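Everything on this sheet refers to the single structure shown next.
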Amino acid sequence: MSYLEHNLKSTPSGLRKFLFMNWPLTLLLISVASVGFLMLYSVAGGSFTPWAEPQMKRFALGLAVMMVVAMVPIWFWRNMSVVAYLTSIALLFAVELVGTVGMGAQRWIDLGFMRLQPSELMKVTLVMLLAAYYDWLPAKRTSRPIWVILPVLLILFPTFMVLRQPDLGTAILLLAAGGAMMFFAGVHWAYFGAVIAAGVGLVAAVFNSRGTDWQLLKDYQYRRIDTFLDPSTDPLGAGYHITQSKIALGSGGWSGRGFMQGTQSRLNFLPEKHTDFIFTTLAEEFGFVGGFSLLALYTLIIIFCVATALATRDRFSSLVTLGIAVNFFLFFAVNMSMVMGLAPVVGVPLPMVSYGGSAMLVLLAAFGLVQSAHIHRAR
Amino acid sequence: MKRNPKELEYTHRQVSRRALFVGGLQAAFVGGLAMRMRYMQVDQADEFRLLAEENRINIRLIAPARGELFDRNGKILGQNTPSYRIIIVREDAGDVEKVISDLSKLIYLDPEDLERARAEMRRAPAFLPITLADQVTWEEISKVAVNAPSLPGITPEVGLARHYPQMGDFAHVIGYVGPVSDYDLSQMEDPEPVLRIPRFQIGKVGLEAKREGLLRGRAGAKRVEVNAGGRVMRELSRREGDAGADLQLSVDADLQQYTQARLEGESASAVVIDCETGDLRAIVSAPSFDPNLFVRGISVADYKRLTDDPYRPLANKSVQGTYPPGSTFKMVTALAALEAGVVGPGDTSYCPGFHKVGNRRFHCWKRGGHGTVDLLLSLKRSCDVYYYDVAVKTGIDNISAMANKLGLGVRHDLPMSAVRRGLTPTQAWKERVHGEGWLVGDTANSSIGQGFMLASPLQLAVMSARIATGRAVTPRLVKSIDGVEQPSGAGEPLDINERNLRYIRNAMYAVSNDRRGTAYRSRIIEDAYRMAGKTGTSQVRNITKAERAAGVIRNKDLPWERRDHALFVCYAPFDKPKYAVAVVVEHGGGGSKAAAPVARDVMLQALYKGNPPLEAYPSKDRERIKEQQERLDQLRDRVTPSDGNDRA
């Protein structure tokens, strides 16, 4: 609706849309994915199987999905937001049910050719819904309590569902991305200040109560928190992984040990070397130069997204683009902090590089939205 | 819902502001990540590189080859022979049980070994080789090798194992090796890492144990790259170890073998020492055992048989067995008396068959007595009374000091297990150990090598050599180490008057060569090799008064373990002593009957370096000796296999 307020004459139509795609962004995505192919080839010991080849096929599929999403006008996606959000919630429920039947924490739905993780989908659809919500909401009401509580509920509901799977990493990402959306939309600073203060207070209370009469958690829960925060207390479990990861990363040095020469990954000292810890292999084999280059590529992607968001006059477009950029940022920031030993191990993959179908597919679809916003922007 | 441009403009600016704010936060975070990455990869790179190398590289030890053992003529006594074993790698085998059952159709697999292998397999990673059968024969290995295609995961392997081709002849001298046990490790302060190699063998007993440091050598090492599971990916570098030193013993394997065979059937010991160098030419304890049994790991049944044998095959009687020296000690008493100047060679004592010391009667072995005896006569006919008399005049401390001078009651430093010191009592010793004062009767007992007096066959041989040469001959077992000759045991001249020594030697000559000497029947006829000796018969029980009244029971009517020990010491040739021999036959009866003939045979064997001509023996013995030589030759062929590769 809001789009109609702008001039439509300059919007490209038909195949001309291709030319108006954000090509630098597309090329950046291809470069990052190529880094992923290279690393998957390396950790498989110089082989396209079992990881690099399927990953390339999925990336090709993902690019196609991105194109299709990009061709469709952005206002269509805005109108679909509620449906998309409800579908994701339904899928989360479905996983819950199937998981119960399947005895265990099942996070995916088997689509035959790939496994879809509804929690991945949720990250994008939540951003879409919140963008649509704030597009619809008059600016004056943004900071009114009743209109603040509604999006909070919209965020918390899927977060708790994901937490129950249990998937702490994705839950934190959902929470952070949702909060960021509200912040972009202009919710008053005071709310964020209050939440942060309350959070800090709660954490302080939990830790200060330890060993006193009014202890808030049970002893074993504290021990679990200890292990989570400082893996070296569990040297053969989580601590082993993070120690080996740091050794691999550090031993890479300035320029790395050479392609396929990383002893830590080649000799299996690295855990999950094709998924969550793939960055360490990159850092070991290509050193600081390689690791920093990837970081730079990621940063450029964020910059291009923010630029797109700032260029468009359409509120939904800019909010959805910023939300996706924040999501993407959280992905690699949490993953890199984790492998560098700055954050606890929570199981977040490196976007576009780690082996894994649904995360990449969903991310590319999300970038399709960014492309669509770019093509269908008001000029 | 229409929105006015003003509101649009406001919201757009607000979004832009906040986007830039968040972007700033993100940029700061990315900067932080980059800094962290730089810190780890540039500033700390060396430390992490080191840690990665430590992860990756393992040092594996290469077992050194153990030094070999030779006799004085270069005959192999202890060697490393290829030992074949069959190993299985679980991950290559697939169905382990099927492979094992296929293998057991080809060769015999010990159920005990199999059980141990299965237990090992449950613990170890799948790629580690596990030994299924050790010490398999060449035939079995060939069978396995031929059928290799149908036995996945099974490999024959060759290693080195200790083998003693002389079987039992050197069991007490060399001892044996065996795998390092947890007990061995717990006994060591800081065990060398090489000892942790599975199935590494170390000396357990005897020379193998005492010269372990020389024989073991130094382990080599290889650097290998391993993965996180510990599997070896490739070898990076290799440094071979140093083999252990080869030891050449002073022992003559042929003489040793002859002596062992000659003592067959007895619980006995014999020592042949070279008077000129102190070399131990033979040092035998009978019966013996096959040390190879211990290398392989002796079975419970075999071990029980060895420990239950009343003749104690595991005991090394030549250095570990200490016996009352009996009359062989009389030379010591006589020398002590001569040196002390209390008697001269011509002084006499009267022997009525007993001697009163204090108010106790000490009997001579000859009830009727020897009449008037001087030094020569007393030794030749082994009169006890003369020594009771002389010893009381000399005093026990003088006698003990002389015994120590002649090598009794001192520990000879030989690289063998359980070398005993024996005992030469003194007044102070009895006061200290028994808390009682020394009695003059103790002196009488000691003077004829009874009572507290104890000596090993080795010490008796050393004593004879010292009397023969007048020098402090010291026994030497290791002749050379890696070809480097070890110091000779010829020794410095003893501080004993040569004239006094000559009196003793002449008396010993008479023992063997005078018609009335106690060892006359075991004399050597060959003039160039005349022998001087002394018999001894030591009591292992007290003869009670009642017994004496009833008439002394004849030795052969007693149960074996209560019979007297038979001893004989000698040296030859008389004019230019070359060898000294000591023989102790446990519970063998009289020294002249049981020990002297053995000593003579061994002595002749040593002098002639093989079977002596029959002319060396008194003519009436020759027929019997001829038979004995033939019998022993046969026995020696049977006892020791001709080559070391036959390891049935």
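Where helices (runs of 4 or more DSSP H) fall entirely within region B:324-424, those with at least 2 residues that are under 19 Å from residue B:510 (Cα atoms), under 40 Å from the mean Cα position of the chain (by Cα) and not basic (Lys, Arg) are at B:330-340, B:375-380, B:384-394. Being assigned by TED's automatic domain parsing to the domain that holds residue B:511 and touching a His at 6+ places or on another chain (Cβ under 6 Å) is true of residue B:388. Exactly one residue out of B:148, B:228, B:221 is among the small types (Gly, Ala, Ser) and within 14 Å of chain A (Cβ to nearest Cβ): that is B:228.
Condition check for residue A:306 on (1) more than 12 Å from chain B (Cβ to nearest Cβ); (2) open to solvent by 10 Å² or more (accessible area, probe 1.4 Å); (3) β-branched (Val, Ile, Thr); (4) in a helix (DSSP H, G or I): one failure, at (1). Every test in (1) over 30 Å from residue A:189 (Cβ atoms); (2) within 9 Å of chain A (Cβ to nearest Cβ); (3) open to solvent by 70 Å² or more (accessible area, probe 1.4 Å) is passed by residue B:73 save one, and that test is (2). Evaluated against (1) within 14 Å of chain B (Cβ to nearest Cβ); (2) part of a helix (DSSP H, G or I), residue A:172 falls short on exactly one condition, (1). Within the option set A:320, A:353, being more than 10 Å from chain B (Cβ to nearest Cβ), part of a helix (DSSP H, G or I) and in contact (Cβ under 8 Å) with a residue 40 or more places away in the chain holds for one residue only, A:320. Taken together, the residues in region B:146-155 that are open to solvent by 50 Å² or more (accessible area, probe 1.4 Å) and either under 10 Å from residue B:86 (Cα atoms) or within 38 Å of the chain's Cα centre (by Cα) (or both) amount to 1.
Taken together, B:462, B:484 contain a single residue that is under 29 Å from residue B:74 (Cα atoms) and open to solvent by less than 70 Å² (accessible area, probe 1.4 Å), which is B:462. Counting the residues of region B:47-67 that are in a loop (DSSP other than H, G, I, E, B) and either at the interface with another protein chain (Cβ under 7 Å from one of its Cβ atoms) or open to solvent by less than 30 Å² (accessible area, probe 1.4 Å) (or both) gives 3. The residues of region A:43-68 that are closer than 30 Å to residue B:227 by Cα and either buried (at least 17 other Cβ atoms within 10 Å of the Cβ) or of a type in the set (A, V, I, L, M, F, W, C) (or both), listed by number, are A:43, A:44, A:48, A:51, A:52, A:55, A:56. Just checking, how many residues over region B:6-32 are at the interface with chain A (Cβ under 7 Å from one of its Cβ atoms), modelled with pLDDT of 90 or more and either touching a Gly at 6+ places or on another chain (Cβ under 6 Å) or open to solvent by 40 Å² or more (accessible area, probe 1.4 Å) (or both)? Counting residues in region B:6-32 that are at the interface with chain A (Cβ under 7 Å from one of its Cβ atoms), modelled with pLDDT of 90 or more and either touching a Gly at 6+ places or on another chain (Cβ under 6 Å) or open to solvent by 40 Å² or more (accessible area, probe 1.4 Å) (or both) gives 1. Here residue A:273 passes the criteria (1) in contact (Cβ under 8 Å) with a residue 24 or more places away in the chain; (2) part of a helix (DSSP H, G or I); (3) within 11 Å of chain B (Cβ to nearest Cβ); (4) crowded, with 23+ Cβ neighbours inside 10 Å except the one numbered (2).
Cβ separations smaller than 9 Å between residues 6+ apart or across chains give the following pairs from region B:621-632 residues that are free of Cβ contacts under 8 Å to residues at least 60 places away in the same chain to residues that are surrounded by fewer than 12 Cβ atoms within 10 Å (Cβ to Cβ) and assigned to a helix (DSSP H, G or I): B:622/B:615. Residue A:281 fulfils the conditions (1) within 19 Å of the chain's Cα centre (by Cα); (2) closer than 16 Å to residue A:340 by Cβ; (3) of a type in the set (Val, Ile, Thr) except for a single criterion, (1). Flag: residue A:181 matches the condition of being touching a Phe, Trp or Tyr at 6+ places or on another chain (Cβ under 9 Å), within 14 Å of chain B (Cβ to nearest Cβ) and under 30 Å from residue A:94 (Cβ atoms).
Scanning region B:308-323 for residues that are part of a helix (DSSP H, G or I) and either in contact with a helix residue (DSSP H, G or I) (Cβ under 7 Å, 6 or more places away or on another chain) or crowded, with 16+ Cβ neighbours inside 10 Å (or both) returns B:317, B:318, B:319, B:320. Of B:216, B:262, B:305, all but one fail to be free of Cβ contacts under 8 Å to residues at least 40 places away in the same chain, open to solvent by 20 Å² or more (accessible area, probe 1.4 Å) and out of contact with any Lys or Arg (no Cβ under 6 Å at 6 or more places or on another chain); the exception is B:305. Can you find, within region A:112-149, the residue that is surrounded by the most Cβ atoms within 10 Å (Cβ to Cβ) among those that are basic (Lys, Arg) and more than 14 Å from chain B (Cβ to nearest Cβ)? Among those residues, the one meeting the criterion is A:123.
For region B:33-46, the tally of residues that are in a helix (DSSP H, G or I) and within 7 Å of chain A (Cβ to nearest Cβ) stands at 9.
Mind counting the residues in region B:166-212 that are aromatic (Phe, Trp, Tyr) and in a strand (DSSP E or B)? The number of residues fulfilling the criteria is 1. Within region A:288-302, the residues that satisfy the criterion of being under 13 Å from residue A:24 (Cβ atoms) and either surrounded by fewer than 17 Cβ atoms within 10 Å (Cβ to Cβ) or more than 8 Å from chain B (Cβ to nearest Cβ) (or both) are A:297, A:300, A:301. Of the residues making up region B:380-392, at least one is surrounded by fewer than 24 Cβ atoms within 10 Å (Cβ to Cβ) and under 28 Å from residue B:583 (Cβ atoms).
If residue B:433 meets every condition in (1) surrounded by fewer than 17 Cβ atoms within 10 Å (Cβ to Cβ); (2) more than 30 Å from residue B:358 (Cβ to Cβ); (3) of a type outside the set (Asp, Glu) apart from one, which number is that one? Exception for residue B:433: condition (2). Give me a count of the residues in region A:242-270 that are part of a helix (DSSP H, G or I), open to solvent by less than 20 Å² (accessible area, probe 1.4 Å) and within 8 Å of chain B (Cβ to nearest Cβ). Final tally of qualifying residues: 8. Condition check: in contact (Cβ under 8 Å) with a residue 24 or more places away in the chain, among the hydroxyl-bearing types (Ser, Thr, Tyr) and more than 9 Å from chain A (Cβ to nearest Cβ). Does residue B:101 satisfy that? Considered against the rule, which asks whether it is in contact (Cβ under 8 Å) with a residue 24 or more places away in the chain, among the hydroxyl-bearing types (Ser, Thr, Tyr) and more than 9 Å from chain A (Cβ to nearest Cβ), residue B:101 comes out as no.
Condition check ((1) of a type in the set (Lys, Arg); (2) closer than 30 Å to residue B:16 by Cβ) across all residues:
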{"residue": "A:169", "(1), (2)": "no, no"}
{"residue": "A:196", "(1), (2)": "no, yes"}
{"residue": "A:211", "(1), (2)": "no, no"}
{"residue": "A:220", "(1), (2)": "no, no"}
{"residue": "A:223", "(1), (2)": "yes, no"}
{"residue": "A:242", "(1), (2)": "no, no"}
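The values are calculated or read from the model by the stated rules, or taken from the named source; none is laboratory data. Note that the structure is predicted; figures quoted are calculated from it, not measured. When we count neighbours, we look across all protein chains shown, and the Cβ atoms used for this are built from the backbone with ideal geometry, even at glycine. What goes into the accessible areas is simple: the full protein's heavy atoms, side chains included, and nothing from ligands, DNA or RNA. Shrake-Rupley method; radii C 1.70, N 1.55, O 1.52, S 1.80 Å.
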